[in-house]
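A short write-up of the structure that comes next.
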Amino acid sequence: MALKVSRASEIPAFLAMQVMKRAKEMQAAGGDLVHLEVGQPSTPPPAAVSNALQASLKHVASHGYSVGLGLPELRQRIGQHYQDWYQLPLDWQRIAVTPGSSIGFAIAFLSAFDKGDRIAIATPGYPAYFNLMLALGIKPQLLPARAAQNWMPDLESLVATDNIPDGLLLASPANPTGVVMRDDELEDVCRWCDKHGVRLIMDEIYHGLTFGKRSKSALACTDNAIIINSFSKYFCMTGWRLGWMVLPEDLVPTAEMLAQNMYISAATINQLGAVAAFDCYDELDAHIPRYEENRDLLYRGLPAEFLGNYAPSDGAFYLYADVSALTNDSIAFADRILTDTGVAMTPGVDFDAVDGPSHMRLSYAGSTQDMKKAVQRLNDWLAGQGR
């Protein structure tokens with residue numbers, strides 16, 4: 001007799017992580033790899049952060065639980081961050097610290113929605129949104145965002161078709177495109193959600209990583225949105241698995257009970273180290289010119305048929321390339337490039353089942369030397385293919 005297996009086992013793999021797994025195996029076998037597959041800064045967190053973590057190890061209390069929503073001192077410092085960056089006063093008791101932002105999305109979905117509810121998400125978009133919703137019994141409602149629409153979904157089409165969802169999840173800067181919403185676009189989205197009774201979840205994980213002025217937070221436009229952020233990207237702390245949420249007041253009690261039952265608390269020593277991150281803005285801002293240089297190097301160095309009608313990457317550290325002149329099977333294409341050149345990239349089908357087979361995502365979060373190496377290898381490979 002076959003034993004019961006959850007239907008959650010049917011969710012797709014996260015291809016970026018699958019590519020990274022294979023690339024790491026090749027590297028362990030002696031291969032010379034260039035990693036463009038995951039959005040992981042190649043620089044460590046500021047020394048002050050590591051020093052704060054090391055100092056915390058000396059105290060017995062640091063090795064115990066914190067409360068479900070996180071250490072008050074970290075939540076207070078995050079609250080001050082919103083004043084420092086956005087000039088927004090924020091009650092720190094609306095802030096929840098999570099073991100990575102991914103758990104933050106799970107808490108958001110479970111605290112604001114019920115099984116069978118619909119959350120609209122832009123596509124191309126981060127695959128874990130879609131996959132996690134499926135695992136939780138929530139229905140993802142895909143909204144195409146294409147170059148012709150300036151990579152923004154058309155919300156009014158939902159009104160016209162009487163297809164308004166229960167929730168809306170958007171990201172700015174966006175993964176995989178790097179597109180940054182203008183202030184007026186963000187204001188329009190927040191107004192639309194409030195008008196139609198749609199709960200907005202705003203992914204602000206790449207805030208701080210824009211090539212121009214700092215992004216506006218949705219908190220400036222509405223008190224009803226759930227804000228998700230992370231220490232992974234701007235703060236260069238991916239492996240620390242530490243994120244945070246800003247919750248509307250009506251969701252705080254539910255989110256706290258979910259946190260208590262799902263993971264008890266985020267790692268205490270990591271939280272103590274993270275407090276120091278907010279004293280390091282100058283050091284962290286110094287990485288942004290390198291990301292911009294890396295982006296421009298890919299723009300200049302890759303051939304037109306590899307870039308196609310690429311998305312305008314004004315933030316984060318991704319180039320979403322249209323490779324339709326070369327392939328309509330981005331999974332096989334990425335695999336061939338990895339095997340032949342040692343350059344790891346993520347197939348676009350990870351982010352978009354419709355147009356993704358003709359797109360690739362390249363992360364330029366690494367060193368400039370790695371970007372130069374990748375461009376050289378890709379050009380040599382394409383030349384060898386007779387192009």
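List pairs: first residue in segment 236-254 and more than 23 Å from I288 (Cβ to Cβ), second residue open to solvent by less than 50 Å² (accessible area, probe 1.4 Å) and among the polar types (S, T, N, Q) anywhere in the structure, Cβ distance under 7 angstrom, at least six positions apart or on different chains.
What qualifies is M245/T98; L251/S111; T254/S111.
Could we say that L362 is assigned to a helix (DSSP H, G or I), crowded, with 18+ Cβ neighbours inside 10 Å and either among the aliphatic types (A, V, I, L, M) or without any contact (Cβ under 8 Å) to a residue 12 or more places away in the chain (or both) here?
Working: assigned to a helix (DSSP H, G or I): no; crowded, with 18+ Cβ neighbours inside 10 Å: yes; either among the aliphatic types (A, V, I, L, M) or without any contact (Cβ under 8 Å) to a residue 12 or more places away in the chain (or both): yes.
Answer is no for this residue.
So is G212 more than 19 Å from the chain's Cα centre (by Cα) and of a type outside the set (A, V, I, L, M, F, W, C) or not? Break it down into steps so the answer makes sense when it comes.
Details: more than 19 Å from the chain's Cα centre (by Cα): yes; of a type outside the set (A, V, I, L, M, F, W, C): yes.
Judged against the criteria, G212 is a match.
Of the residues K4, K24, which single one is outside any helix (DSSP H, G or I), more than 14 Å from D350 (Cα to Cα) and of a type in the set (D, E, K, R)?
Values: K24 fails: outside any helix (DSSP H, G or I).
Checking each option against the conditions leaves just K4.
Looking at segment 117-162 only, could you name the residues that are more than 17 Å from A321 (Cα to Cα) and part of a strand (DSSP E or B)?
R118, I119, A120, I121, A122, K139, P140, Q141, L142, L143
One line per residue, one yes/no per condition, for (1) in a helix (DSSP H, G or I); (2) crowded, with 23+ Cβ neighbours inside 10 Å; (3) not hydrophobic (A, V, I, L, M, F, W, C):
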{"residue": "V179", "(1), (2), (3)": "no, yes, no"}
{"residue": "K195", "(1), (2), (3)": "yes, no, yes"}
{"residue": "I201", "(1), (2), (3)": "no, yes, no"}
{"residue": "D223", "(1), (2), (3)": "no, no, yes"}
{"residue": "Y234", "(1), (2), (3)": "no, no, yes"}
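Kindly provide the set of residues from segment 84-111 that are open to solvent by less than 20 Å² (accessible area, probe 1.4 Å) and outside any helix (DSSP H, G or I), ordered by number.
I95, A96, V97, T98, G100
Taking the residues in segment 284-307 that are among the small types (G, A, S) and without any contact (Cβ under 8 Å) to a residue 24 or more places away in the chain as candidates, determine which candidate is surrounded by the most Cβ atoms within 10 Å (Cβ to Cβ). Steps first, please.
Filtering segment 284-307 for residues among the small types (G, A, S) gives 286, 301, 304.
Pick out the ones that are also without any contact (Cβ under 8 Å) to a residue 24 or more places away in the chain and you get 286, 304.
Values: A286: 11, A304: 7.
Among those that are among the small types (G, A, S) and without any contact (Cβ under 8 Å) to a residue 24 or more places away in the chain, it is A286.
Given the condition on the phi > 0 side of the Ramachandran plot, within 15 Å of the chain's Cα centre (by Cα) and buried (at least 18 other Cβ atoms within 10 Å of the Cβ), answer yes or no: does some residue in segment 245-254 qualify?
Here is the first cut: in segment 245-254, the ones on the phi > 0 side of the Ramachandran plot are none.
Looking through segment 245-254, none of the residues is on the phi > 0 side of the Ramachandran plot, within 15 Å of the chain's Cα centre (by Cα) and buried (at least 18 other Cβ atoms within 10 Å of the Cβ).
The values are calculated or read from the model by the stated rules, or taken from the named source; none is laboratory data. Model, not experiment: these values are computed from the prediction. Note that we place each Cβ from the backbone using ideal geometry, even for glycine, and neighbour counts take in every protein chain shown. Remember, those area values only see protein heavy atoms, side chains included, never the ligands or the DNA or RNA. Shrake-Rupley method; radii C 1.70, N 1.55, O 1.52, S 1.80 Å.
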